[in-house]
Every structure is written in structure tokens, then in C-alpha cells.
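Inspection log for the structure reproduced underneath, given as C-alpha cells.
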Amino acid sequence: MSVPRSFTLANRLQIPSTGYGTWQIPFGEETEKAVGSALAAGFRHIDTAAAYGNDFSVAAAVNSSGIARKDIFISGKLWINKRGYDAALKAFKQTLKRFNMDYLDLFLIHWPAAPKVYENWKELNDDTWRAFQTLYNDGLVRAVGVSNFTPFYLAPLLEKAEIVPMVNQIEYHPGFMQKETAAFCQGVGILIEAWSPLGSGRILMRKELLNIAEKYGRSSAQICIRWCLQNGVLPISRSVNPERIKENAAVFDFELPHEDMAVINALPDFGGSGDNPDDFEANLKETPQVSGRML
Ligand SMILES: NC(=O)c1ccc[n+]([C@@H]2O[C@H](COP(=O)([O-])OP(=O)(O)OC[C@H]3O[C@@H](n4cnc5c(N)ncnc54)[C@H](OP(=O)(O)O)[C@@H]3O)[C@@H](O)[C@H]2O)c1
């Protein structure tokens, strides 16, 4: 099965089908180098977030890359302490200023407000989404979406939404497919992006994946990334190692046949990262500041 170099979002916008993630990379030189390596390896879709504390370094790397802004797809996220209509608009404008850019390609609500923390969680998510619709209608962002929204959060949001989110970024990797959320999203035309497509590195030594990787002379990371694509899911992988970044970009010259896709799709539960939207914020030790340089 061939896979496209870009997916088409519900509003017809093209989004490069493999993304490069920047979580946990220290701001400054390390982030700038890593993003530079990703661009050199051919990634044209970079995922960042205010909460990573390095988004301004991601932007600096993009702005100094010599690659036209229109040829790089930049995705940002609204952190949990900026929910609500006015706060979300203000936070987005601060993000653009920090990035020294006129627009973002995609902006996501990082985590839904959950009933464990907020009695008015539905209203809070609706108000935040209204701000995202305003940003989209004002042309400040080319696509809008959510992250970590299970059907429990999506269904009420869709009742009030004038624009259906174009993307839902969720944890997704072999042994953790979130099938109910994926099916719900596919049913309403929301593209799934996979965060931690390599299980943050912890699934790469699983023998089931190594066996398939060996058959094709590939790495288990490449198998995970290619498997996402063949399932119609957009993988966002991360590495700070230039050789691994190149490896993770080189997933368009081989194919996983149906029988190997079926083996991976049927793997037992490998477990997720443990960050579940119902508990995420309730479990944060220090809320909402998770990163030293978060703005
Ligand atoms: N929306 C959300 O709530 C959310 C949550 C988590 C993540 N994300 C996004 O998703 C992105 C990806 O998730 P993730 O950061 O957990 O990363 P991941 O891509 O699942 O795994 C990254 C880990 O795998 C290692 N690795 C990468 N390529 C490798 C290769 N070819 N061979 C061996 N090891 C390899 C990396 O180490 P080296 O660096 O040493 O290579 C790193 O330790 C994040 O960076 C972020 O942008 C979003």
C-alpha cells in the first residue's frame, strides 16, 4: 500500500504526512540543532507546544532555515492554563509574537478540561473552541484541532462547534491504538495524529516489531512510523540524533504487506504513557507550570 506525502484535512489543506516532535528537547541550541537536522532530513512538519518550553527555539530554527515559511508546516498547542475564549485568543497572539510569524499552520487544544477538575468542563472546552474558530476565521491559523480528546470530550464539543476540529493528536503506537477514539474521529472526518508513535522509545525492542523490521532490513522505529501511515494516521516522531532523524524520515521507500499490518494491529496491549485525559490535570504535581521556560 502506498502512502501519501501529505494528508488532506477537512478544509482541503495539505498537511505533510510525517511530523517531527519537539517535546523534552531543551530550549536554545539543542532545539535549534534538532529542528535543523529534521529540516535537513526532509521533515516539513514540526510539532511544538507552549508547554514544551522550547517553542520559540523551534520557531527560531524555522525562521533561520532558509526554507520559505510557506513550505514548513508549524503546529502549536494551547496549554491548560489558557483555556476560555479571551485567554485562548491572548495566548495564541503571544505565541505568534514569540514565533515572530504571521500565522500558524495548525493550533491544537493540548488537553481537554476534565470533570475531575472542572465542574464547568463542557463550557470551558466550548469557550476555548470558540476562540479557535475565531482564530481560524480571522486567518491567523490555517487549521484548528484538539489533542487528547476522547469521544467523551469530542461528542459534546461537536454539539456546539461551528467548525469540526480538523485534527485530534492522541497517543497512538503499536500496542496502543485507542480504537474507539480513532473510529469516532474517522467517522466525522478528523485526522488522527500519533503522539509517541515509538512509544517514547520504550516499545522499540519488542520482539514482534524487531522480527518484522528484520524481514525488511529496517529499524523497528521505521516499522512503527510506516505502520501509522498505512493506518491513515499521521506519525509525529522525535529524536535528537541526526542519524535517527534521517532514519525516521526514510519511510516512503518500503511497504508493509497486509499480513504484517494485521500482525501489528493485533498486538496485545503494550500500555500507554499513563497520561489519560480524565486524570491528566488532576495528577499534575505542579499545575499548570510543567516546564521551566513555559510562557
Ligand atoms: N499532545 C500531547 O499531549 C503529546 C504528548 C506527548 C508527545 N507529543 C508529541 O509527539 C512527539 C513524539 O512523541 P515522543 O516525544 O514521546 O517520541 P517518540 O518518537 O515516540 O520517541 C522518542 C524516543 O525514541 C528515541 N528514538 C527516536 N527515533 C529512534 C530510532 N530511529 N531508533 C531508536 N530510538 C529512537 C528517541 O531517542 P533519541 O532522541 O536519543 O534518538 C526518544 O527517546 C513529541 O515530541 C511531541 O511533539 C504530544
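Kindly state which helices (runs of 4 or more DSSP H) lie completely within the stretch 1-110 and contain at least 3 residues that are of a type in the set (A, V, I, L, M, F, W, C) and within 21 Å of Arg244 (Cβ to Cβ).
The helices (runs of 4 or more DSSP H) meeting that bar are 29-41, 55-63.
Out of everything in the stretch 116-132 that is of a type outside the set (Ser, Thr, Tyr) and within 16 Å of Leu284 (Cβ to Cβ), what residue ends up being surrounded by the fewest Cβ atoms within 10 Å (Cβ to Cβ)?
Lys116
Kindly establish whether Val146 is of a type outside the set (Lys, Arg) and either touching a helix residue (DSSP H, G or I) at 6+ places or on another chain (Cβ under 6 Å) or on the phi > 0 side of the Ramachandran plot (or both).
So Val146 fails the test.
Residue by residue through the stretch 180-205, note down the ones that are part of a helix (DSSP H, G or I), within 8 Å of the ligand (Cβ to nearest atom) and among the polar types (S, T, N, Q).
Ser200, the sole residue that qualifies.
Name the single residue that is nearest to Asp127 (Cα to Cα) among those in the stretch 71-90 being in contact with a Lys or Arg (Cβ under 9 Å, 6 or more places away or on another chain) and within 16 Å of the ligand (Cβ to nearest atom).
For the stretch 71-90, the residue satisfying everything is Lys82.
Picking from Tyr118, Tyr136, Tyr153, which residue would you name as being assigned to a loop (DSSP other than H, G, I, E, B) and not charged (D, E, K, R)?
Answer to the selection: Tyr118.
Looking only at the stretch 218-231, filter to residues that are closer than 13 Å to Tyr172 by Cα and free of Cβ contacts under 8 Å to residues at least 60 places away in the same chain; which one of those is farthest from the ligand (Cβ to nearest atom)?
Asn231
Just one of the numbered conditions (1) under 25 Å from Arg5 (Cα atoms); (2) in contact with a strand residue (DSSP E or B) (Cβ under 6 Å, 6 or more places away or on another chain) is not true of Lys33; which one?
(2) is the only condition that Lys33 fails.
Bear in mind that the values in this text are calculations on the coordinates, not laboratory data. Please read these numbers as outputs of a predicted model, since none were measured by experiment. Cβ sites come from the backbone with ideal geometry, for glycine too, and all protein chains shown count toward neighbours.
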